[in-house]
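Read the structure below first, then the notes.
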Amino acid sequence: MPKSGIEALEKLREGNRRFVDHVISLEALLSHARRAEHAKAQEPFAVILGCSDSRAPAEFIFDQGLGDLFVIRVAGNIAAPSQIGSVEFAVERFGVRLVVVLGHSNCGAVQATLDAIDCPGDVSPALHAIVDRIMPSLTDTPLLEKGDCPERTQYAVRANVRHTMQRLIQDSDFINRMRKEKGLLIVGADYSLDTGEVDFFETPPAQ
Ligand SMILES: [Zn+2]
């Protein structure tokens, strides 16, 4: 089991390479047979805060098994208080040293936010709870001119990942302290639905 954030990140990179190559590790498969063992305790080595999109399940795209990842999924991989609390929980209880904020190409929640910018008022109150958390990441971006294009959505996906990383650090004294004192690594990543590749494109400057 990886002890540091860097080791955990390397394990995820290796797992994603297997996924891209259509390989499933024996370790991940055998983890299913150890279900009873996992029932007693868990020891995840990374937290993944990702989108609910059905095409972006973290265990698949990182080729990991039962008990390996503490996964938080919400449309648009936002950091509302319940997501921040979930990250704190995993870091505090299980000693996890890596948090990955995982966006993905063609994200519907990000696109819905861009649509809301283009046509204000066309969003239900419940959806607003998500869109309103993505919206601040999209202001002041050069691609906010109206009109659909893949580059605009892709730019927005990464801006939203960076924004969620900022929220985790700024809204949680605990997470910020763990970064400084325990080497907790917070990484931003972008998963391509087309290629299966995860690009770990962002780490905070202080790390
Ligand atoms: Zn999405």
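The residue of the stretch 137-150 that is modelled with the lowest pLDDT, among those that are open to solvent by 70 Å² or more (accessible area, probe 1.4 Å) and closer than 22 Å to residue 167 by Cα, is 142.
If only residues of the stretch 46-84 that are touching a residue at least 12 places away in the same chain (Cβ under 8 Å) and of a type in the set (S, T, N, Q) are counted, the one that is surrounded by the fewest Cβ atoms within 10 Å (Cβ to Cβ) is 52. Exactly one condition in (1) among the basic types (Lys, Arg); (2) more than 14 Å from the ligand (Cβ to nearest atom); (3) in contact with a strand residue (DSSP E or B) (Cβ under 6 Å, 6 or more places away or on another chain) is not met by residue 73; state its number. Condition not satisfied by residue 73: (2).
Starting from residues that are on the phi < 0 side of the Ramachandran plot and of a type in the set (S, T, N, Q), keep the ones in the stretch 87-136 and report whichever is farthest from the chain's Cα centre (by Cα). Walk me through how you get there before you give the answer.
Applying the first criterion (on the phi < 0 side of the Ramachandran plot) to the stretch 87-136 yields 87-94, 96-105, 107-120, 122-136.
Next cut, of a type in the set (S, T, N, Q) only: 105, 111, 113, 124.
Values: 105: 13, 111: 17, 113: 18, 124: 25 Å.
Ranking the qualifying residues of the stretch 87-136, first place goes to 124.
Residue under question is residue 157, and the condition is that it be under 17 Å from the mean Cα position of the chain (by Cα) and either assigned to a helix (DSSP H, G or I) or at pLDDT below 95 (or both); does it hold? Can you show your working first?
Details: under 17 Å from the mean Cα position of the chain (by Cα): yes; either assigned to a helix (DSSP H, G or I) or at pLDDT below 95 (or both): yes.
Spelling it out, residue 157 is indeed under 17 Å from the mean Cα position of the chain (by Cα) and either assigned to a helix (DSSP H, G or I) or at pLDDT below 95 (or both).
Annotation: of all residues in the stretch 56-70 being in contact with a helix residue (DSSP H, G or I) (Cβ under 9 Å, 6 or more places away or on another chain) and in a loop (DSSP other than H, G, I, E, B), the one that is nearest to the ligand (Cβ to nearest atom) is 62.
Kindly indicate which of 99, 87 is more than 15 Å from the ligand (Cβ to nearest atom), touching a residue at least 12 places away in the same chain (Cβ under 8 Å) and assigned to a strand (DSSP E or B). Walk me through how you get there before you give the answer.
Numbers: 87 fails: assigned to a strand (DSSP E or B).
Matching residue, one of 99, 87: 99.
Looking at 87, 23, just one residue is open to solvent by less than 10 Å² (accessible area, probe 1.4 Å) and not aromatic (Phe, Trp, Tyr), and that residue is 87.
The values are calculated or read from the model by the stated rules, or taken from the named source; none is laboratory data. Keep in mind that this is a model prediction, so the values were computed, not measured. With ideal geometry, Cβ positions are generated from the backbone for all residues, glycine too; neighbour counts draw on all protein chains shown. Only protein heavy atoms, including side chains, enter the accessible area calculation; ligands, DNA and RNA are left aside. Shrake-Rupley method; radii C 1.70, N 1.55, O 1.52, S 1.80 Å.
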